[in-house]
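All remarks here apply to the structure that follows.
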Amino acid sequence: MGPGVSTTTDKIIVDRSRSHRNRAVSRAVRATRERLQTATGTSPAFERDMLLLYIDAVLNGALVMPLLVFAITGLGLYLTRDPAFIAWGLLALSLHAISILLAKHVRKNGLEPEEVRRWHRLLLAAQVLMGGGWAVFALQQCDACGGNSFDFYKGTVLLVVLCVTSIGALMLRNAVLYAFLPTVAALVYNATRKPEPIVLGMTAFISVALVFLVFITKRMRQTSRQLLSFQSEKDDLIAELEVAKSMSDEARRRAEEANLAKSRFLASMSHELRTPLNAILGFSEVMSTEVLGPLNNPVYKEYTADIHNSGKHLLNLINEILDLSRIEAGKYDLSEEAIRLVDICEDCIGMVQLRARAKNISIGEQFETDMPDVWADEKAMRQVVLNLLSNAVKFTPQGGEITVKVGWTAGGGQYLSIRDNGPGIPEEEIPIVLSAFGQGAIAIKSAEQGTGLGLPIVQAILAKHNGEFILKSKLREGTEAIAILPAKRVLQSLPPVEEIKTVAPRRRSFA
């Protein structure tokens, strides 16, 4: 046993020496559960994640806004020939640099959960300052420009900048609204001073576009928050599954080790348990039959008969437990040979015939003719048939009927069916009956109680033969037990091998 296995004799299945591996993961899972279950509104953890995503977007797109400012400044100089656009370009670049510096500071020093709100306000203030720069741009005038070309230029630029800002500041809550409120205020101011159709239309168009983009960015933020929530829940579930799998693997390993140790112990105790029981059975039989002389007290003779019957019952119980333990321990080796399933059934019927006649039970036979041999362990198959017949005789009432069938399966195998008209088993109790030491309610009330190991042994033996066991039963309709051997166990008659003339070997020349 490895060093990581606990040597304590307590009943805790999971090894305590390995608990430190799961402690940190369990703590994280527990904290996340509480956060997800008790949080109202947007989780602070999600706000931090979204703020970090915004900072990444600012740093990754740091050159987009300067290039846009250079283009706007150059086009403005071309249209107006006014050096004031150069001053505005420097102002816009300076205001944009504030956002870049703040984002770099957060990336370098990290973002603690308690600092999320403060940095959110600072980054939002930087967006407002940048919005003030666009408001200054919206207030620019060009007296030398003819027509409405300059107003059209300003409207196009502001619309493009609004779209770019909406994409870049998507993860910063209320950034688009606060950044362009000063610009809309400047446009409204221009519209009051110069109530021309193009100015009014431009103001209305940008205002509607701002409302629409604020709505779109809000919905996209909600979607992003849901995606983060799903990602967090997925990570938590993965962590919880890892903990559960680790605990399950440890529990299964300990249970398998305990079960294997039990099976090995019982399998090795065959001689130690059977030898004294055989002595008890032999001596009690000698005393009950009065081989060495009569017993003076008749009560002693009854006692010896009781001792003999109890010893036989105990020996049968031990034999069944040892058989099942040997199978579980992998020490049940099959001694396979060609046998006829019909012959085994006939022999076993003869062995239980006395018990059946004592209860006035008739046993009917329905055997297919000319059934070929099967490749199986004769002793094991006899045990299967005897267990099933004994159960049928045990639970069939006085004057009942038992039908034994042997025939072909649809897949080319052979089957054995034993059906009785006893009280039956409720469908919900069939899994209990098929488990080790499991007994149904009728078996518990019956005077002939068994050990509950007969059917598990039958299942295990058939599994060793690659077969299958099926139990069908209904209340007040009887029970049918079906043992199936696969087609590869059936020995079909094969044609004789034709003789092939041998070819004389060629003589080799080494000349």
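When 238, 307 are checked against the criterion of being of a type in the set (Val, Ile, Thr), in a helix (DSSP H, G or I) and surrounded by 15 or more Cβ atoms within 10 Å (Cβ to Cβ), 307 stands alone in meeting it. If you go through region 197-226 and keep only what is open to solvent by 60 Å² or more (accessible area, probe 1.4 Å) and either closer than 16 Å to residue 155 by Cβ or not in a helix (DSSP H, G or I) (or both), you end up with 197, 200, 205, 208, 212. Just one of the numbered conditions (1) part of a helix (DSSP H, G or I); (2) more than 17 Å from residue 359 (Cβ to Cβ) is not true of residue 392: (2).
Looking at region 464-477, is at least one residue modelled with pLDDT of 85 or more, among the charged types (D, E, K, R), open to solvent by 10 Å² or more (accessible area, probe 1.4 Å) and under 23 Å from residue 343 (Cβ atoms)? Yes, region 464-477 contains a residue that is modelled with pLDDT of 85 or more, among the charged types (D, E, K, R), open to solvent by 10 Å² or more (accessible area, probe 1.4 Å) and under 23 Å from residue 343 (Cβ atoms). Can you tell me which residues in region 118-134 are touching a residue at least 12 places away in the same chain (Cβ under 8 Å) and open to solvent by 10 Å² or more (accessible area, probe 1.4 Å)? Selection gives 119, 120, 122, 124, 127, 128, 129, 130, 132.
Scanning region 403-424 for residues that are surrounded by fewer than 17 Cβ atoms within 10 Å (Cβ to Cβ) and part of a strand (DSSP E or B) turns up 407, 408. Within region 135-167, restricting attention to residues that are crowded, with 21+ Cβ neighbours inside 10 Å and touching a residue at least 60 places away in the same chain (Cβ under 8 Å), the residue that is farthest from residue 196 (Cα to Cα) is 161.
Checked against the criterion of being aromatic (Phe, Trp, Tyr), surrounded by 19 or more Cβ atoms within 10 Å (Cβ to Cβ) and either modelled with pLDDT under 90 or over 43 Å from the mean Cα position of the chain (by Cα) (or both), the candidates 367, 395 yield just one match: 395. Against the condition in contact with a helix residue (DSSP H, G or I) (Cβ under 9 Å, 6 or more places away or on another chain) and either in a loop (DSSP other than H, G, I, E, B) or open to solvent by 70 Å² or more (accessible area, probe 1.4 Å) (or both), how does residue 172 come out, does it pass? Yes, satisfied. Among the residues that make up region 296-314, is at least one of them touching a Lys or Arg at 6+ places or on another chain (Cβ under 9 Å) and either modelled with pLDDT of 75 or more or at positive phi (or both)? Among the residues of region 296-314, not one is touching a Lys or Arg at 6+ places or on another chain (Cβ under 9 Å) and either modelled with pLDDT of 75 or more or at positive phi (or both), which makes the answer no.
The values are calculated or read from the model by the stated rules, or taken from the named source; none is laboratory data. This one's a predicted model, so the numbers in the text were calculated from it and none came from an experiment. Virtual Cβ from ideal backbone geometry, glycine too; neighbours counted across all protein chains shown. Areas reflect the complete protein model, heavy atoms only, side chains present, ligands, DNA and RNA absent. Shrake-Rupley method; radii C 1.70, N 1.55, O 1.52, S 1.80 Å.
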